[in-house]
Amino acid sequence: MNKFKAALLQTNVYDDKEKNIENAVRLIEKVSGEGADIAVLPEMFCCPYNSSLFRAYGEIEGGAAYTAMSKAAEDYGIYVVAGTIPELQDDRVYNTSYVFDRNGNQIAKHRKMHLFDIDIEGGQYFKESDTLTSGGDVTLFDTEFCKIGLAICYDIRFPELSRLMAAEGAEVIIYPGAFNMTTGPAHWELSFRARALDNQVYTIGVAPARDLEATYHSYGNSIVASPWGNVLSQMDEKEGYIIQEIDLDYVKKIRNELPLLKHIRKDIYALMKIK
């Protein structure tokens, strides 16, 4: 199968975790009925993006949000990339994305590797490392369509990571994210186009809808970029969804016509994945 449909679910995030989960399940049901093969939720879809709340809204693996996403995947026969959930383990909190197959089985787990610590004069200040612990694994998962890479938000700014995923066979890379109103207008689209172009993959970024009453203002603008670096779909700041067809034959076409991945000078430089 050389094509599949990806649904980008740009959800509102409320102060009520249960409401956030119910909203996500509702949209998963809706897009599954419209033929989507995989549904992708935003970073911290079940928790306001506020470091002081991550522990309170967090859960151990198998908690309420995890269980609901697994069940939705099974109930509606769709892959679910469950945005991210604050994951509790011992005294640590991770920003974690889980992936479930059509039977509701967990097939991947990515803990955000690069923590978002930013202090821009006259702009955004945020320090994830005050609360979160970073992950340390490069994450890919297999589907009947292709191999898909998975990373989270700030991870996209490190091109070495996406190159490692492409080198391991990824044809699509998914990033649940939550760029803000400082970095979003400047770098969101640029980052997704650049990583897609660099690695001749589709990139998919899914963000929360913007809530100006929240302490953190998401840029929104969930996006799909092609292996040629074009924007195929992009939302505005409001809640909603888009379903984008992903044509894997186009990945092969681009890689054959402009074989940059074959032209890497491994005799001079190489990326080492250290376990």
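The table below gives the values:
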item: Scan of the stretch 238-253 for residues that are in contact with a helix residue (DSSP H, G or I) (Cβ under 9 Å, 6 or more places away or on another chain) and buried (at least 20 other Cβ atoms within 10 Å of the Cβ), ordered by number; result: 241
item: Residue within the stretch 79-101 that is touching a residue at least 24 places away in the same chain (Cβ under 8 Å), farther than 23 Å from residue 155 by Cβ and not aromatic (Phe, Trp, Tyr) present; result: no
item: Check on residue 110, under 16 Å from the mean Cα position of the chain (by Cα), of a type outside the set (Phe, Trp, Tyr) and farther than 26 Å from residue 242 by Cβ; result: no
item: Residues of the stretch 139-161 satisfying the condition of being part of a helix (DSSP H, G or I) and either over 21 Å from residue 224 (Cβ atoms) or touching a residue at least 40 places away in the same chain (Cβ under 8 Å) (or both); result: 153, 154, 155, 156, 157, 160, 161
item: Residues located in the stretch 156-192, provided they are surrounded by fewer than 21 Cβ atoms within 10 Å (Cβ to Cβ), within 15 Å of the chain's Cα centre (by Cα) and more than 15 Å from residue 114 (Cβ to Cβ); result: 189
item: Members of the stretch 109-138 found to be part of a loop (DSSP other than H, G, I, E, B), open to solvent by 50 Å² or more (accessible area, probe 1.4 Å) and at pLDDT 85 or above, listed by number; result: 134, 136, 137
item: Residues of the stretch 1-44 classified as out of contact with any Leu (no Cβ under 8 Å at 6 or more places or on another chain) and farther than 20 Å from residue 248 by Cα, total; result: 22
item: Selection count where residues are farther than 19 Å from residue 238 by Cβ and either of a type in the set (Phe, Trp, Tyr) or open to solvent by 20 Å² or more (accessible area, probe 1.4 Å) (or both), scope the stretch 23-47; result: 6
item: Which numbered condition residue 215 misses (of (1) surrounded by 16 or more Cβ atoms within 10 Å (Cβ to Cβ); (2) closer than 26 Å to residue 27 by Cα); result: (1)
item: Set 91, 101: member being out of contact with any strand residue (DSSP E or B) (no Cβ under 7 Å at 6 or more places or on another chain), at pLDDT 90 or above and not hydrophobic (A, V, I, L, M, F, W, C); result: 91
item: Hits in the stretch 63-94 - residues which are open to solvent by less than 30 Å² (accessible area, probe 1.4 Å), over 21 Å from residue 38 (Cα atoms) and not charged (D, E, K, R); result: 63, 86, 93, 94
item: Per-region count, the stretch 5-21, residues open to solvent by 80 Å² or more (accessible area, probe 1.4 Å), assigned to a helix (DSSP H, G or I) and either in contact (Cβ under 8 Å) with a residue 12 or more places away in the chain or over 23 Å from residue 55 (Cα atoms) (or both); result: 1
item: Selection within the stretch 145-190 - in contact with an Asp or Glu (Cβ under 9 Å, 6 or more places away or on another chain) and not small (Gly, Ala, Ser); result: 145, 146, 147, 148, 152, 153, 154, 159, 161, 163, 175, 176
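One line per residue, one yes/no per condition, for (1) assigned to a helix (DSSP H, G or I); (2) within 17 Å of the chain's Cα centre (by Cα); (3) among the charged types (D, E, K, R):
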residue	(1), (2), (3)
27	yes, yes, no
62	no, no, no
71	yes, no, yes
83	no, yes, no
96	no, yes, no
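The values are calculated or read from the model by the stated rules, or taken from the named source; none is laboratory data. All values derive from a computational prediction rather than experimental measurement. Please note: Cβ atoms are built from the backbone with ideal geometry, for glycine as well, and neighbour counts cover all protein chains shown. For the accessible areas, the whole protein counts, side chains as well, though only heavy atoms, and no ligand, DNA or RNA atoms are used. Shrake-Rupley method; radii C 1.70, N 1.55, O 1.52, S 1.80 Å.
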